[in-house]
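One structure is given below, encoded as structure tokens.
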Amino acid sequence: MPPRPPSRLRRVFRMLNPIMAGRSVCKPSRPDRVDDPTVRKIQILRMVVGLAAMVWILVAYRIASDTKSVAMQRLDQVADSAALLAATFPVVVAVFVVASRPRNRRLYLRRALKPVGALLALGGTLLYFVLLTEGTLTGGPFGQMPEHPTGSDYLYLLYQLFLVVVMLWGFVFVPYGAVLSLTHVFRTADIHDVLPPIIATVLVWELAIVDLISNTYDGAPLPVRLAAVFGGPLSVTAVSLWELRRLRARHGLTLRHALGR
């Protein structure tokens, strides 16, 4: 039986697969974190019900004219959520670390490296797309070869092909990683188990404010609009409070305990 390749080499090969890379980068991995199957089921149910309600509102009140429009609305909502989460995450984590006892701060800062890494990985890939589309990485349009190419021209063509391969990899990694980041709240359970429900609650109320300002559900009756804007935040808040209560009752984890107070 041939020897197994070194674990570091296996990790390198895993990163070549954008799906496996997304799981490695964006899912929490702290061994002693709480992994409660009941909480996961409730969160999935909440997501399915919320998606079904949003699709019904968009179609029934002709806010979106067809399935493509519904998909685009959902994609825009995921993009807004990811952007808000990226801005909310460091603020809430910073407040959490500062509010904790000095003996816990170094531990939480060390644990925050992986969530920060997930944020930087997604942000860096998006920055790569921007630099590529603006021509910063290529110095001009793709595929332009002189009439009599030299060896350096062929090397430059290989460089462009490499950029395209990385771009295709990113097209899978970014949306998959963004969905995982939203599901696992930028893997903040790696810092402490009470953080994901707290950040999720802050995030959904931020999104509600954005929906109110942008009139996302304009065209629906006022009661339906209110239900669409506030139904999600209220349900997420209820589930988050239930999750925090379950962490306290089943696992002895509370915010006060996390802060060392």
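None of the figures in this text is laboratory data; all of them are computed from the coordinates on show. Worth saying up front: this structure is predicted, and the values here are computed from it rather than measured. Heads up, the Cβs are rebuilt from the backbone with ideal geometry, glycines too, and the neighbour counts pull from every protein chain shown.
Annotations
- Taking 7 Å steps out from each Cα toward its Cβ at L113 and A83 produces label points 3.2 nm apart.
- For the pair Y154 and R23, label points projected 7 Å from Cα toward Cβ lie 4.0 nm apart.
- In plain terms, the chain from K41 to R245 could stretch by 71.8 nm, reckoned as 0.36 nm per residue minus the Cα-Cα distance.
- Considering only alpha-carbon pairs that sit under 8 angstrom and 6 or more positions apart, the relative contact order computed for segment 77-259 is 32 percent.
- Rounded to the nearest Hz, the phi-derived 3J(HN,Hα) couplings of segment 201-211 under the Karplus curve 6.51 cos²θ - 1.76 cosθ + 1.60 (θ = phi - 60°) are 5, 4, 5, 5, 6, 5, 5, 4, 5, 4, 4, where x marks glycine and proline.
- Segment 200-261 versus segment 123-140: alpha-carbon centroid distance in Å: 36
- Each 5 Å bin from 0 upward holds the following percent of the Cα-Cα pairs of segment 77-259: 1, 7, 13, 14, 13, 12, 10, 9, 7, 5, 4, 3, 2, 1, 0.
- Footprinting exposure proxy for E243, E134, E206 (fewest neighbouring C-beta atoms within 10 Å first): E134, E206, E243
- Full extension of the chain segment joining E134 with V98 gains 9.0 nm, where the gain is 0.36 nm per residue of separation less the Cα-Cα distance.
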